[in-house]
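Right, one structure below, let's go through it.
The values are calculated or read from the model by the stated rules, or taken from the named source; none is laboratory data. All values reported here derive from a predicted model rather than from experimental measurement. Virtual Cβ from ideal backbone geometry, glycine too; neighbours counted across all protein chains shown. Note: accessible area is taken over every heavy atom of the protein model, side chains too, but ligands, DNA and RNA are not part of it. Shrake-Rupley method; radii C 1.70, N 1.55, O 1.52, S 1.80 Å.
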Amino acid sequence: LDVRFYALWAALAWAGWGDGAKLRSWRTTSSFVAGTPPSERYLAGAAVLDDARLVIFDGCGAAGRLGDLLQLDIPTLLWTSLSVAAVGTQPPAMCGPGMVQHNGSLLIFGGVAASGYSVDTYRFDL
């Protein structure tokens, strides 16, 4: 065998990979999640809430701005759609919003709506 193979094997073994240690790997979500995952999109806002939920808001897809709110329950790996119809002013559909959790609420800032750049902040109580 090539000397480079042994050098690679030695480096991996030294780092703790080998002799039964599991290598990290990427997998597509379709192989392990339940429910209906989000449609294809880019520039979506995302935040992890309480170390138990991944929330995705909006983003852009093939048809334009999406205007949806989805949640992945991390312990069960189940996707669900959350209703954005709530009391108050709903954020417009936008691409690239910033998101963070704060005191049980989802804060959404900025993004690019159909009317242009947004500097508005919205709070959604989950």
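Report the accessible area of Asp68, computed with a 1.4 Å probe over the heavy atoms of all protein chains in place, in Å² rounded to the nearest 10. Rounded to the nearest 10, that gives 40 Å². Annotation: amide H-H contacts under 5 Å for Asp120 (H modelled 1.01 Å from N, sequence separation of 5 or more, or interchain): Gly110. For region 111-126, putting each phi into the Karplus relation 6.51 cos²θ - 1.76 cosθ + 1.60 with θ = phi - 60° gives couplings of x, 10, 9, 4, 7, x, 5, 10, 10, 7, 10, 10, 10, 10, 7, 9 Hz, in residue order, rounded to whole numbers and with x for Gly and Pro.
Normalised by the number of residues in region 46-126, the average gap of Cα pairs under 8 Å and 6 or more apart makes the relative contact order 23 percent. For the pair Leu77 and Leu54, how long in nm is the line joining their label points, each one 7 Å along Cα→Cβ? That separation, rounded to one decimal, is 1.1 nm. First measure r as the distance between the Cβ atoms of Asp125 and Ala63, then evaluate 1/(1 + (r/R0)^6) with R0 = 25 Å and state the FRET efficiency to the nearest 0.05. Efficiency, from the Cβ-Cβ distance: 0.30.
Packing here is the average count of other Cβ atoms within 10 Å per residue, and on that basis the peptides 106-112, 35-41, highest first, run 106-112, 35-41. Computed over protein heavy atoms with a 1.4 angstrom probe, the accessible surface ordering of Arg123, Arg24, Arg53, largest first, is Arg24, Arg123, Arg53.
The charge dipole of region 38-83, taken about its Cα centre with unit charges on the Cβ atoms of Lys, Arg (+1), Asp and Glu (-1) only, comes to about 140 debye. For region 65-126, the Kirkwood hydrodynamic radius from C-alpha pairs, put into Stokes-Einstein at 25 °C and a viscosity of 0.890 mPa s, yields a diffusion coefficient of 195 µm² per second. Karplus-based coupling profile of region 45-61, in residue order and whole Hz: x, 8, 8, 9, 10, 6, 6, 10, 9, 9, 10, 10, 10, 6, x, 10, x, with θ = phi - 60° in 6.51 cos²θ - 1.76 cosθ + 1.60 and x standing for Gly or Pro.
Between Leu82 and Leu69, Leu70, Gln71, the built amide H atoms are under 5 Å apart, and every one of these is 5 or more places off in sequence or on another chain.
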